[in-house]
Amino acid sequence: MKNKYKHLSCEERDKIAVLRARGCSYGSIARAIDRDKTTVFRELNRNRSSVYNVYLPHKADRRAKDRKSRSGRRPKLKNHIIRRYVIAKLKLGWSPEQISGKLRKDHPERSISYEAIYQYIYDKETRKRVNLVAYLPRAHKKRKFFGQGHHHKNKLHIPRRVSIDERPKYIDKRTKPGHWEADTVISRQSKKALAVSLERKSRMIHIDKLTAKKSCKLVKAITDRLNRYPKELRRTITYDNGSENVEHERINKILGTKSYFCNPFHSWEKGSIEHAISLIRRFLPKKTDFAIINNSQVRKIENLLNNRPRKCLNYQTPREVMKSLNVALAG
């Protein structure tokens, strides 16, 4: 039975270098290290210095190891159709997971895992040509836990505030449409703000620019947008405890909704809209001056987010799901 082949060791390469320098033949070197003659011949030809035509054992060992590490690498995203699709969707702000899921729907004959997309993005050769890392979602270097940094509770001054603990439990399951979450995004550079509302079942997002973070401005923004939906799509709205939400009862009167409020410093209890705001921040990072952002730019961001496939929607887009809900209600 033949012995299994083993790569040459550093000690064997040292012996090869010494014996070769003495003028020994390939055969005698092979016998000295108990190797095949072809192994010695291949080693001296593949791993010698290409410049000085000499065999240096430490550099030969490094060349052999580099060649071995490269041999296991496969080209990332070899298929040019998939590669173009991935790059185009990354530039739209889609995550690798969303791209992978939507590709299977758009092109059933092709598929790529999101892990392969990440490997392609971070591949050294890819980054020499184009920096795709810039299109990935931003992430904190250090994890922040819920409520971190809050050491006291402010008094709440929202009239007739109903806690989220009293909200019907079926709403958590997202089986029925018409349950919304609302929040505001502020700008430290100006008084301008954004009103964001999100329908929990479809993840449909509405973004409106506010001239100021005031309750009267928020009332108008939410009622103008949600009034366009049938009453079956206007059931409840969940808020945080910000002062801009004090006129929630006016919204309920206009829309026929009921309002609920998160517990203090528990913004994660309306996690869908918190996630939506993190997506908006990719386009409008902190310290952005909302005063120089016009309504057409806000609408463009809204459209991009509503036309992104979501894993939680089985890679449908929020707009597609909301359209199907409207059709179902009309039928």
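Of note:
- For P(r) over Cα pairs in 10 Å bins from 0, in percent, calculated from these coordinates, the label among (1) 5, 19, 22, 16, 11, 7, 8, 8, 4, 1; (2) 6, 26, 35, 21, 7, 3, 2, 1, 0; (3) 6, 24, 32, 26, 10, 2, 0: (1)
- Per-residue [θ]222 nm for the chain (sum of -39500 (n - 2.57) over DSSP H runs n ≥ 4, rounded to 500): -12500 deg cm²/dmol
- Set of the range 188-225 residues, backbone N closer than 20 Å to the point 7 Å along the Cα-Cβ line of Glu274: 194-206
- For the range 167-301: relative contact order, % (alpha-carbon pairs under 8 angstrom, 6 or more apart): 27
- Selection among Ile292, Leu103, Asn45 by position relative to the dipole of the chain gives Asn45 as farthest towards the positive end (Cβ unit charges, Cα centre).
- The H on the amide N of Met204, modeled in the peptide plane, is under 5 Å from the matching H of Glu199, each at least 5 residues off or on a different chain.
- Full extension of the chain between Asn263 and Tyr122 gives 46.7 nm of extra length, using 0.36 nm per residue less the Cα-Cα distance.
- GNM top mover of Lys124, Lys214, Lys270 - the chain, alpha-carbon springs below 10 Å: Lys124
- DSSP-defined antiparallel bridges as percent of all bridges, the chain, nearest 5: 65
- Pairs beyond 30 Å (Cα-Cα), from Lys65/Lys105; Lys37/Lys78; Lys102/Lys213; Lys59/Lys128: Lys65/Lys105; Lys37/Lys78; Lys102/Lys213
- Proximal aspartates and glutamates relative to Lys300, as straight alpha-carbon distance under 14 Å, when same-chain residues fewer than 8 apart are discounted: Asp208
- Counting 0.36 nm for each residue step from Val133 to Lys68 and taking away their Cα separation leaves a gain of 20.6 nm.
- Likely footprinting exposure, Tyr55, Tyr122, Tyr260, fewest C-beta neighbours within 10 Å first: Tyr122, Tyr55, Tyr260
Values in this text are rule-based calculations from the coordinates and carry no lab data. Keep in mind it's a predicted model, so treat the numbers as computed, not measured. Note: ideal-geometry Cβ built from the backbone for every residue, glycine included; neighbour counts use all protein chains shown.
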